[in-house]
1. Excluding A:Ala334 itself, what net charge comes from residues whose Cβ is under 15 Å from its Cβ, given Lys and Arg +1 and Asp and Glu -1?
2. Give the angle, between 0 and 90 degrees and rounded to the nearest 10, that separates the Cα long axis of helix B:327-340 from the longest principal axis of the Cα atoms of chain B.
3. Based on the Cβ-Cβ distance of A:Lys268 and A:Glu235, what FRET efficiency does E = 1/(1 + (r/R0)^6) give at R0 = 41 Å, to the nearest 0.05?
4. Label-point separation (nm) for A:Glu243 and B:Glu307, each offset 7 Å from Cα along Cα-to-Cβ?
5. I need the trypsin sites (Lys or Arg not before Pro) found in region A:148-188, filtered to DSSP loop residues with at most 15 other beta carbons within 10 Å of theirs.
6. Ordering A:Lys144, A:Lys195, B:Lys321 from largest to smallest accessible area (1.4 angstrom probe), what's the sequence?
7. Could you calculate the FRET efficiency of B:Ser382 with B:Ser226 from 1/(1 + (r/R0)^6), where r is the beta carbon distance between them and R0 is 41 Å, rounded to 0.05?
8. Using the beta-carbon distance between B:Ala73 and B:Gln154 and R0 = 30 Å, what value does 1/(1 + (r/R0)^6) give for FRET efficiency, to the nearest 0.05?
Protein chains: 2
Amino acid sequence: MYAEIISIGHEILMGEIVDTNAQYLASRLPSLGYEVRWMHQVGDNMNHLVDILKKGLERSDLILTTGGLGPTADDLTRESIGAAVDEELYIDPEQLEILRGWFLRRGREMPIRNTKQAHRIASASVVPNPVGTAPGWWVEKNGKIVAAMPGPPQELQVMWENETSVRLRGKSTGRVVLSRTLKTFTLSEGEVDEKITPVLGLDNPYVGVYAKFDGIHVRIIATGDSDAAARRLLEPTEARIRELLEETIWGIDDESPEERVGELLKQKGLTLSVMESCSGGLLAEKITDVPGASSFFVGGIVSYATEVKIASGVDPAVIEKYGVISAETALAMAEAVRTKLNTDVGIGVTGVAGPDSMDDKLVGEVHIGIVHPGGTRTISGSYPPRRHLVRNRAAVGALLGLWQELRELQ
Amino acid sequence: MYAEIISIGHEILMGEIVDTNAQYLASRLPSLGYEVRWMHQVGDNMNHLVDILKKGLERSDLILTTGGLGPTADDLTRESIGAAVDEELYIDPEQLEILRGWFLRRGREMPIRNTKQAHRIASASVVPNPVGTAPGWWVEKNGKIVAAMPGPPQELQVMWENETSVRLRGKSTGRVVLSRTLKTFTLSEGEVDEKITPVLGLDNPYVGVYAKFDGIHVRIIATGDSDAAARRLLEPTEARIRELLEETIWGIDDESPEERVGELLKQKGLTLSVMESCSGGLLAEKITDVPGASSFFVGGIVSYATEVKIASGVDPAVIEKYGVISAETALAMAEAVRTKLNTDVGIGVTGVAGPDSMDDKLVGEVHIGIVHPGGTRTISGSYPPRRHLVRNRAAVGALLGLWQELRELQ
């Protein structure tokens, strides 16, 4: 069955914001049995909205809208859906009470203009919004569904999770598409391709190999008449790929390197410190981005200037002999910060982020040193010479290198 | 005059990528005299593409497309434009030579399938792509323009800057919309509103006040029959607002706090070091994100654990007396890192990023200490209790606080 997504708001057409809502919804529809064929962004213009809604109702089974549910004259989603399905709007007394209560709990009287948010049509049921005033709509008419949700991403996501996706489950008679991404580290794209040859070349499940900044990803896409049927195709293929790629798989789907490293450190009861130069704080920032990092992360040193490395315990003779941009210095940084901050594990990162080369080393050269209770490791690499990319690859490389070491640690 | 943007690719409809190209183009069209009224994402499906192109040619003056210009059977933009304007495709010999040369310079023979990228119709001129193989198209027919550009953002942006935007300049007889954003720090939304009352309430130039994570923004939007006419409205208003808000304006348009701080530090020949806990490396990361930061940024300490603060020179008596989450500790951190790394300026940041409260302090409480050759300053604030937001506000607050101090420094 076919779905269409409409994002509503003048600020999208002015290029003031990126429409991330459409991507959020699009990524979730295939597993519910809907194929997205159209996405649109339109302004707060009733003619345009009614036009695209009518067109959508002709060619699609499901229309999801985001935005235009606020209390102002600009908010035209309710009126436009009413016009598109040819129904009159009226005030829903129950919803009006809910809105009044929302304001009352915040010690305020409901402004008159918010009455608009209690409007509905006969075919619509009102969908509660636990994090804002704008309720959604769920409209079912002539075998078609229109679900209207608010524009602020946080409100949209809560409503989608708690309400809209729940109501949609089982509504589609269309094919269900499930996917699973297995993320690997260490292997090249060609090596992954070679190892998983036995599962490649099929249409369903389809298996694709993609090079990403955090390693090579293997994506499995399975299509079936039901969730169970799609799962029966996906799961054996996933199991087979896991056998073939073994311990090079560090995570799945939305998992991040910092989450996986954090889990292992907590599990093994180890503490971590880092000393970084070219990544400039990004490694510490990623690690501490995960709630609860304080249970294993003690601290970091951003040793941008060479003097800071030396003052933090890196042997100047190592720097003198091998250069600041070297595997030996990266390892000395890891050892120094581990000693200085008294942790079980230390990481050192040095390299050239650019735009200028340094010490005759080209932009993109990165060295990572890891010291842990089971031993030491260095990783050296050379990345495309773009500052943002080099910094990111350096931080992610350090995390994934550590993940591998920790995994093997008894 | 009206514009329409069409982003093409199966991966957008699957929710695998966010369509940032549409926002990039939308933000640039108003200053060229085009009003964007529709944006669409469609798959690699010729029927759908032709359908939306025909509809766009009926109601808009300009259609911009991104994606679908590669060499594979899935890349259908050229064929679809041809069908929409009813013209046959043929091989352009000149373009074929250019493509062959592109591969030759990389020591390879051109694959047969790339011949597709030398196709064109009589109304199209081929637009060079200096960073990839996919050339664009520029089609002018019956007073309408269709400009097709590649999907990879880097290729799109180079082609837009060098070619498409240049060709579009002066084509529109529509009203030109120019905007300017003035970014302030220290004042509240209400205070900004009050100060700029004399320029508020007009339709053209329209002045709006917006609360953002890096302070209050004032946006001026001026519309005129030409670039010059719009400029004549915009510029006096900008000058007037600058008078009214004086030195609270720290930047304009796309400028970032870290760029502005870096400029001032370089200009005054001062060096900087930071000690941060709740921001976890984000402050150092932002500072070093700007190329050339090594000329003033010496280093940072991410003192996540209290022991690291003490080992880095923060007086334990200060922590004992005022608590880790206090203005006094933030200032002591700034002083300690400034002394330890021997810099002119030191910043300390402490706070509770959450999700859990700490030392009886609520999530969102942040303290910033700044020590510089002219004196010291502390800034304390309380932000909405969302981890990502608290960390960001803390880092940006530290940068803007420093910017103000440096500006006033003789």
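The values are calculated or read from the model by the stated rules, or taken from the named source; none is laboratory data. Bear in mind that the values here come from a model prediction, so they are computed numbers and not experimental data. Cβ sites come from the backbone with ideal geometry, for glycine too, and all protein chains shown count toward neighbours. What goes into the accessible areas is simple: the full protein's heavy atoms, side chains included, and nothing from ligands, DNA or RNA. Shrake-Rupley method; radii C 1.70, N 1.55, O 1.52, S 1.80 Å.
1. Details: positive: A:Lys309, A:Arg338, A:Lys340, A:Arg377; negative: A:Glu276, A:Asp315, A:Glu328, A:Glu335, A:Asp344, A:Glu405.
Residues near A:Ala334 contribute -2 overall.
2. Taking the Cα atoms of chain B, the angle to B:327-340 is about 80 degrees.
3. Numbers: r = 30 Å, r/R0 = 0.72.
E(calc), rounded to 0.05, equals 0.90.
4. Computed distance between label sites A:Glu243 and B:Glu307 equals 4.7 nm.
5. On the way: sites: A:Arg167, A:Arg169, A:Lys171, A:Arg175, A:Arg180, A:Lys183; in loops: A:Arg169, A:Lys171, A:Arg175.
Here the sparse-neighbourhood loop sites are A:Arg169, A:Lys171.
6. On the way: A:Lys144 45, A:Lys195 95, B:Lys321 150 Å².
Ranked from most to least accessible, the order is B:Lys321, A:Lys195, A:Lys144.
7. Working: r = 48 Å, r/R0 = 1.17.
Efficiency, rounded to the nearest 0.05: 0.30.
8. On the way: r = 24 Å, r/R0 = 0.81.
Plugging the Cβ-Cβ distance into 1/(1 + (r/R0)^6) gives 0.80.
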